[in-house]
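Novice: Here it is, the structure in full.
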Amino acid sequence: MPIFMDRHFLEGTSAADVAQAHRMDLDIQDKYGVKFLTYWFDQRRGTAFCLVDAPDAETAQCVHREAHGFVAGEIVEVALSAVEAFLGRIHDPEPAPGQSSSDVDPGHRAILFTDIVGSTAMTSRLGDRIATEMVRAHDAVVRRCLSQNSGREVKHTGDGIMAAFAATTAAVECAMAIQQEFQRYNGGNTEPIHIRIGVDCGEPVEDSNDLFGSTVQLAARLCAAASSDQILVSENIFREYGAADLFTHATRRRFKGFSKPMLVFRCDWADAGVN
């Protein structure tokens, strides 16, 4: 059966209410031949997301309708591999000792892209073998920083890495750590590696009708627009990070796939206190 993720608008609903609704779904799911795998709830934004194995979207909706009446406002088919890559799980987690119902994962994620500047020219100049070693050096630095900042690699892009973070602060701090690591790397190597980074954040199911669709697109566009050694972030990141003095040179830019100009900020990582 296909896998679906739905989005509920539940402003004013508590985490305990959503947990109870999930249990009510589980109680009657066998009647409809579906399996509710897990859910996420963002109380601050008033949104919940359910992951369900069902024959079709309407059947999944029928369970919600009968169990508790919280019918989804949007439902899309997704790949389990993509859900696990972005969100880190595809089943209900085991509660940690002392965890309360208010500790539910909101599903909101920050998406980060890295890209090696001039990778094609680097390959032409150095040859395939040395260029491959340079990419491996990039991968090692980025993956070390991801590990230290609770980031999750979603995929390798050939000359960069796409990653997801549960916390916006972790994504920004990881981006700064990556640039600072390459600054140190370049100080001790005759062949420097310069990269650019783009970061955006959002919810799993958005207007793009895909899992982090527009968030991924904007993060990728920001990365492509960044200059060598730059970090560009979206207005969403700027608002959520909570340290306005870190971001400068706000400009509006037009990006392919977006109907309106997007507000873009540069992150001044060189002066930040990240080690």
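Novice: Take every Cα-Cα pair in region 193-275 and report what % of them are more than 23 Å apart.
Specialist: Looking at region 193-275, the distances longer than 23 Å represent 20 percent of pairs.
Novice: Where only protein heavy atoms count, and the probe is 1.4 Å, what is the accessible area per residue for region 211-269 in Å²?
Specialist: Dividing the accessible area of region 211-269 by its residue count gives 49 Å².
Novice: Suppose a student asked you for the relative contact order of region 1-136, using Cα pairs under 8 Å spaced at least 6 residues apart; what percent would you report?
Specialist: Relative contact order, region 1-136: 30 percent.
Novice: State, to one decimal in nm, how far the label point of Glu235 lies from the label point of Arg144, with both points 7 Å from Cα in the Cβ direction.
Specialist: 3.8 nm
Novice: Solvent-accessible area per residue for region 1-119 at a 1.4 Å probe radius, Å²?
Specialist: On a per-residue basis, 45 Å².
Novice: Okay, next question. Expressed as a whole percentage, what fraction of the accessible surface of the chain belongs to carbon and sulfur atoms when a 1.4 Å probe is rolled over the protein heavy atoms?
Specialist: 48 percent
Novice: Using Cα pairs closer than 8 Å and at least 6 residues apart in sequence, work out the relative contact order for the chain, in percent.
Specialist: Computed over the chain, the figure is 16 percent.
Novice: Under 10 °C and 1.306 mPa s, how fast does the chain diffuse according to Stokes-Einstein, given a Kirkwood radius computed over C-alpha pairs? Answer in µm²/s, whole number.
Specialist: Numbers: Rh = 20.1 Å.
In µm²/s, the coefficient is 79.
Novice: Go ahead and estimate [θ] at 222 nm for the chain from helices alone: -39,500 (n - 2.57) per DSSP H run with n ≥ 4, summed, over the residue count, rounded to 500.
Specialist: Helix-only estimate at 222 nm: -12500 deg cm²/dmol.
Novice: Normalise the Cα radius of gyration of region 42-182 by 2.2 N^0.38 Å (N = residues in it) and let me know the number.
Specialist: Against the empirical 2.2 N^0.38 Å value, I get 1.37 for region 42-182.
Novice: Calculate log10 I(q)/I(0) of region 123-275 for q = 0.12 Å⁻¹, where I(q) comes from the Debye formula with a single equal point scatterer on each Cα and nothing for solvent.
Specialist: These q points yield log10 I(q)/I(0) values of -0.51.
Novice: Using the Karplus curve 6.51 cos²θ - 1.76 cosθ + 1.60 with θ = phi - 60°, work out ³J(HN,Hα) for each residue of region 148-163 in order, rounded to whole Hz, and write x for Gly and Pro.
Specialist: 6, 10, 6, x, 10, 5, 8, 6, 9, 9, x, 10, x, 9, 9, 9
Novice: Follow-up. Please return the longest stretch of the chain lacking exposed loop sites, where trypsin sites (Lys or Arg not before Pro) count only if DSSP places them in a loop and at most 13 other Cβ atoms lie within 10 Å.
Specialist: On the way: sites that count: Arg44, Arg89, Arg254, Lys256.
The longest uninterrupted stretch comes out as 90-253.
Novice: Skipping prolines and chain starts, which residues have an amide H placed within reach, meaning under 5 Å, of the one on Ile195, given they are 5 or more residues away or on another chain?
Specialist: Val117, Asp229
Novice: With charges set only on the Cβ (+1 for Lys and Arg, -1 for Asp and Glu), what does the dipole of the chain come to about its Cα centre, in debye to the nearest 20? Kindly include the intermediate steps, with their values, before the conclusion.
Specialist: On the way: 26 positive and 38 negative charges, 200 e Å.
I would put it at about 960 debye.
The values are calculated or read from the model by the stated rules, or taken from the named source; none is laboratory data. Here the structure is a predicted model, which is why all the values come from computation and not from measurement. Note that each Cβ is placed from the backbone with ideal geometry, even for glycine, and that neighbours are counted across all protein chains shown. When the accessible area is computed, the model is the full protein with side chains, heavy atoms only, and any ligands, DNA or RNA have been set aside. Shrake-Rupley method; radii C 1.70, N 1.55, O 1.52, S 1.80 Å.
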